[in-house]
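Each value in this text was obtained by applying a stated rule to the coordinates, not by laboratory testing. The structure presented is a predicted model; accordingly, all values stated were derived computationally and were not measured. Cβ placement follows ideal geometry from the backbone for every residue including glycine, while neighbour counts extend to all protein chains displayed.
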Amino acid sequence: SNTSIKDQAVLSPQEHHEKTDYSRWRLRDDHGTHTWHYLETDEEIKAWPQTTADKYFLGMETGLPNLPPARKPLESIRNGLSFFSALQLEPGNWACEYGGPMFLLPGLVITWYVTETPIHEAFKTEMKNYLFARQHPEDGGWGLHIEGDSSVFGTAMNYTTLRLLGADPEDPRLIKARQTLWKLGGALNGPHWAKFWLSVLGVLEWEVVNPVPPEIWLLPDWVPIAPWRWWIHIRMVFLPMSYIYSKKWSYPLNDLTRQLRSELLTQPFETIKFDNHRNTISPLDNYHPKSWFLNVINWFLVYVWFPILRPASLAKKGEDWVWWLVRAEDDNTSFSNLGPVNGPLNALVCYIHDGPSSYNFREHLKTLPEFLWVKDEGMLMNGTNGVQVWDTAFLIQAVHDAGLAEDPKWKPMLLKALEFLEDQQISEECRDQQKCYRQQRKGAWGFSTKKQGYTVSDCTSEGLKAVMLLQNLPGYPKLVSERRQKDAIDVLLTMQNKSGGCASYEPTRGSELLEYLNAAEVFGRIMVEYDYPECTTAVVTALHMFSKHFPDYRKDEIAAFKNRAIDYIRRAQRPDGSWYGSWGICFTYAGMFALESLACVGETYANSERVRRACQFFLDRQMEDGGWGETYRSCETGVYCQHPQSQVVQTSWVVIALLEAGYPERGPLERALRMVVGRQQKNGEWKQEAIEGVFNKSCMISYPNYKFIFPIKALGMFAKRFGDVELI
Ligand code: LAN
């Protein structure tokens, strides 16, 4: 702790918090696999010095120099790159915090707790610090994500996490959190996943959890609701959940969980009839209310299927098949798992099935920390095991689009980035691909690492584009062979939907009607894959670029794919000229992609009413200071919601959009970029502003590197078009 005894005496309990010694934290990056380490001894510290990137991530002084003030786009880019290049990690990738969601760390900490896994003291301390730092000052609660209003999900789960990490229930901050939780009706008003985790912990009874039957995995593939058709993140969460639900596995009651019963509930535990509360939920959590259809099914499962009809043999068969699929997922991802929700759940399944000292469970304990991140506020759990491929591919493209890829100053950085992408391309199909319903992946890139190993349509596309851009310049080695580029194209050609659009991990496999079975309550549009202008654009532009270099390879298929995709982009435009974004906030993000799609088939401001309408949509929303800003409410409501402050990232997206569109006038672009350059710090960095990303309509997620990548790209594209003119 770095607060002295004297300080501690004068701090009120509220202000008193421990901190670890930040000069001891290090990020290790082993082929993109990130883990944070807290060094205990002086020898270790000497042997492993803290890097500039470590210091930056931890919010410490980086010592990066002040640079000559930028007046022109290329000067601003140079300053930005001087700073950002210092954050490149040894294997060639960039990293960052990937926080935002506030429901991830609880799953991990509950899993550790119920498996009696010791937690490193430094981790404990910083996790508590993070949760306190992100507690809403007004009401002491937490929301679904860092910027969201307090909800039962956020408050009950993070309160519980703090208690499991050793926080004192009499700490004024916990008292305040409890009051808010009680006002919202307590944990009985939580959504499905909160009730699930609290039942695992033994704080609630399993009767409060809506059913998750493993036998649903036994449905034949032709059945329209069979789980292989669901969006991958939902089915991979439901998979291990169904096993644990079927076992009704709970941690034995102890003093702490007994206390939690009284802290999280508004009435005495003994007086509660739990099955009456399966469907109670606070309105603040109920983003997507369950359909009457799902309520009927749940009723049938709870009162007829489970107690009366369900044959023990079928239950066993379901559990066995689910176990097989869990094991396949673990093997195919080297225990990284698809994401931060199914990771802890799979770990728990292995613990229940194989026991605490089993190989499988212990391997999980090794990979789970790969989701963790340390920053100035403390330790959090990332939305994936990192952003490695995605951000690295975008950075390469930004520098290339700025015309700087051959500049000797940036070549070493780009070469390393290229080496990283080469290393991270997925080289083979996974074990039992068909049986575990996995999409083709040989030649693909994922969002984070090859080890995680999931194809994503746009990550493959952006990765491939970055590789092609560099490798086709003189002076860059051809690290990714022609065959491997073609493998990536083969994957992309599997990704198109009937509509012409592309989804995220797989083409859409089920009907939108499956949303009637959406049981999560807190998220919208999660049950199947949908078409996304963002993903579609990435794929189309990759195919387009590829066919310039290899005009004969699968020529007709590529041409047909492109036509159908562009048609989809046109159809997806709203009458007001905009496109709704699903992975970035929101209309500014999707508009950038859609206009890039149209530009790649030559549809621009000069020849298209549609493009002019899209430009007008943005021009109508340009702010006083030249920038653009919309809030995450755009994602929730589907209507453009003006942010009180302009945002560097969104402004850059719009500038890129207008430049892709061939918008003829310089004025609005110049005003926008003046704002962006004006926000740049003396050392070349841009500071964090509002949250940038989103998923499932309701949950926001941070993309901290966007504030470097997109200004660089926007400024570079502008300079290419209008020259390196003085902006300031
Ligand atoms: C991501 C992150 C990246 C994102 C893009 C590549 C930007 C997008 O274009 C396609 C979808 C994808 C890959 C994506 C899907 C959903 C993820 C994995 C996330 C938003 C990061 C976190 C989120 C995941 C579902 C979080 C866990 C929550 C559950 C509801 C299971």
**Q.** Set of lysines with alpha-carbon distance to LYS273 below 16 Å, sequence-local pairs under 8 removed
**A.** LYS195
Q) Suppose R0 equals 45 Å; then what is the FRET efficiency for GLU665 and TRP48 from their Cβ-Cβ distance, rounded to the nearest 0.05? A) 0.25
Q. If you count, for each residue, the other Cβ atoms within 10 Å and average over each peptide, how do 403-409, 350-356 line up from highest to lowest?
A. 350-356, 403-409
Q) So which of LYS72/LYS707; LYS435/LYS697; LYS55/LYS697; LYS442/LYS555; LYS562/LYS697 end up more than 24 Å apart by C-alpha? A) LYS435/LYS697; LYS55/LYS697; LYS562/LYS697
**Q.** Global size of the range 299-394 as Cα Rg and Dmax, reported in angstrom
**A.** 17.7, 55
Q) Using a ≥ b ≥ c from the Cα gyration tensor of the range 264-315 (square roots of the eigenvalues), is it rounded, prolate or oblate, where a/c under 1.5 gives rounded and otherwise the larger of a/b and b/c decides, a/b for prolate? A) oblate
Q.
Below 8 Å between Cα atoms, with a sequence gap of 6+, how large is the relative contact order for the chain in percent?
A. 17 percent
Q.
So if I restrict to the alpha-carbon atoms in the chain, what is the Rg, and what is Dmax, the biggest pairwise distance, in Å?
A. 25.5, 77
Q: Within the range 614-661, list the GluC sites (Glu not before Pro) lying in a DSSP loop whose Cβ has at most 14 other Cβ atoms in a 10 Å radius.
A: GLU624
Q. What residues have an amide H closer than 5 Å to that of SER427, excluding those fewer than 5 places away on the same chain, when H is modeled at 1.01 Å from N in the peptide plane?
A. GLY443
Q | Of LEU492, GLY186, TYR632, farthest towards positive along the dipole that unit charges on Lys, Arg, Asp, Glu beta carbons give the chain | A | LEU492
Q. Among 561-573, 472-484, how do they line up from the highest to the lowest mean number of other beta-carbon atoms within 10 Å?
A. 561-573, 472-484
Q.
Under a Cβ-only charge scheme (Lys and Arg +1, Asp and Glu -1), can you give me the dipole magnitude of the range 157-199 about the Cα centre, in debye to the nearest 20?
A. 160 debye
Q.
Students often check this: by mean Cβ neighbours within 10 Å, which of 333-346, 80-93 ranks highest, and how do the rest follow?
A. 333-346, 80-93
Q: Provide the gained length on full extension for the span LEU513 to ASN607, in nm with one decimal, where the gain is 0.36 nm per separating residue minus the Cα-Cα distance.
A: 30.0 nm
Q: Could you name the lysines whose alpha carbon sits less than 20 Å from that of LYS124, not counting residues in the same chain fewer than 8 places away?
A: LYS19, LYS366, LYS375
**Q.** Built amide H within the under 5 Å cut-off of GLY629, gap 5+
**A.** HIS643, GLN647
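May I ask which of LYS247/LYS450; LYS465/LYS720; LYS316/LYS498 have a Cα-Cα span longer than 31 Å here?
Correct reply: LYS247/LYS450; LYS316/LYS498.
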Q | Tensor-based shape of the range 516-607 (alpha-carbon gyration tensor, a/c under 1.5 rounded, otherwise prolate or oblate) | A | oblate
**Q.** Prolate/oblate/rounded label for the range 576-623 (Cα gyration tensor, a/c 1.5)
**A.** oblate
